[in-house]
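Take a look at the structure set out below.
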Amino acid sequence: MARQFYTKSGQLVKIGTGSGTKWQWLKKGRPDEEKAQLHNELVENLLRTINCGYRHLDTAEVYTTQPEVAAAVKQSGIPREEFWITTKYFPGVTHQPSFTKGPIEFVNKALKELDTDYIDLLLIHHPFLSAGEDYSSLGDLWKQVIEVKKQGLVREIGVSNFAIPHLKEVFEAAGSEEYYPVVNQIEFHPFLQNQSKDILKFSNDHNILVEAYGPLSPLFRADEENEAVATFKKLLGDLGSKYGKTEAQILLRYTIQKGVLPITTSSNVERIKQSLEVYEFELEDTDVKQIDELGSKYKFRKFFSEQFAAGFD
């Protein structure tokens, strides 16, 4: 059974909604004089999502959407302790330096932007470091993350887009399992069942919950002319008919039955409601295996293609 988490009010953490994807680009693409203002369209969409029943909200430093998450939570009138809020420290990439000097500085900034006195889950957004000001390795960076947890500013700590060598490096820095990452959020869908070699099994073996971003990628980002994709899409349609569910619901349920917690997003109220209904049915094991088998015949990776091509597959 996959690791589980609970909000401060005792509610099980379920499927999450993201505020990155298109939202960050819509916000960043506004005229310069508007960039410091709240992106009201995102606030309204988050409120719709919350009103439909979502309590798991995912954001990140690089998205610049933490203020919108704070505004939506406040406007919802629902107590903070009923939410599970995840944010991610951005350690820079080769073409973009980090925005803050390290996790400690970032978390203090995030607490203000999120208008809260704690963060439920802090992740390192990726392991592909640029030259940081206050750390020289993943191990050094992880020690700062541990310090933030010791200060009581975050409830849980984890990582994102980490392969096995990266996880082993933070294990060594942690010193004990008490400070191992509890989550690894990765790109996951039937066309990318392991973002890096054996990462699902390794994470599960070390009691690390895998979260999925991009779980619906086969519906939107695949080559429709490819025979393997066409065969897979037919399977999704057949399974949708069998269970009386949408193709998106089939993919989200598949993700959950693989022991992975999906992070998704939509601006359509009906689809938002449907995404929460994935806890109301189960796929037969044979159908999960069919998705595995047909999905594996086509490879698709949207994020960090260059970095993972360098030797983690």
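Since every read-out is calculated from the coordinates, none of them should be taken as a lab result. All values reported here derive from a predicted model rather than from experimental measurement. Heads up, the Cβs are rebuilt from the backbone with ideal geometry, glycines too, and the neighbour counts pull from every protein chain shown.
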Report summary line: Share of Cα-Cα pairs in the chain beyond 38 Å, whole percent, is 11 percent
Report summary line: Quotient of Cα radius of gyration and Kirkwood radius for the range 45-185, i.e. Rg/Rh, equals 0.98
**Report entry** Partner aspartates and glutamates for LYS168 [C-alpha distance under 20 Å; skip if fewer than 8 residues away on the same chain]
**Finding:** ASP140, GLU147, GLU156, GLU177, GLU178, GLU187, ASP198, ASP205, GLU211, ASP313
Query raised in the report: Residue farthest toward the positive end of the dipole of the chain, with Cβ of Lys/Arg at +1 and Asp/Glu at -1: which of ALA174, TYR213, SER296?
Result: TYR213
Report summary line: Hydrodynamic calc, the range 150-296: Kirkwood Rh from Cα pairs, then Stokes-Einstein at 25 °C with viscosity 0.890 mPa s, so D in µm² s⁻¹ is 148 µm²/s
Requested in this report: Sequence neighbours fewer than 8 away in the same chain don't count; with that in mind, list the lysines whose C-alpha is under 21 Å from LYS297.
Outcome: LYS197, LYS201, LYS233, LYS234, LYS258, LYS289
Report task. Using only Cα atoms, locate the centre of the range 69-103 and the centre of the range 211-238, then give the distance between them in Å, rounded to an integer. Result -> 30 Å
Query raised in the report: Tell me, Kirkwood radius of the range 53-101 from alpha-carbon pair distances, in Å?
Result: 12.2 Å
Query raised in the report: Leaving out same-chain residues fewer than 8 places away, which aspartates and glutamates sit with a Cα under 20 Å from that of LYS242?
Result: GLU277, GLU280, GLU282, GLU284, ASP285, ASP287, ASP292, GLU293
Report task. Please label the shape of the range 215-296 as rounded, prolate or oblate, based on the square roots a ≥ b ≥ c of the eigenvalues of the alpha-carbon gyration tensor (a/c under 1.5 means rounded; beyond that, a/b larger than b/c means prolate, else oblate). Result -> oblate
Query raised in the report: With each run of n ≥ 4 DSSP H residues scored as -39500 (n - 2.57), what mean residue ellipticity at 222 nm is computed for the chain after dividing by its residue count and rounding to the nearest 500 deg cm²/dmol?
Result: -12000 deg cm²/dmol
Query - Charge dipole (debye, nearest 20) of the chain; +1 at Cβ of Lys and Arg, -1 at Cβ of Asp and Glu - result: 300 debye
Requested in this report: For the range 112-181, build the convex hull from the C-alpha positions and give me its volume per residue in Å³.
Outcome: 98 Å³
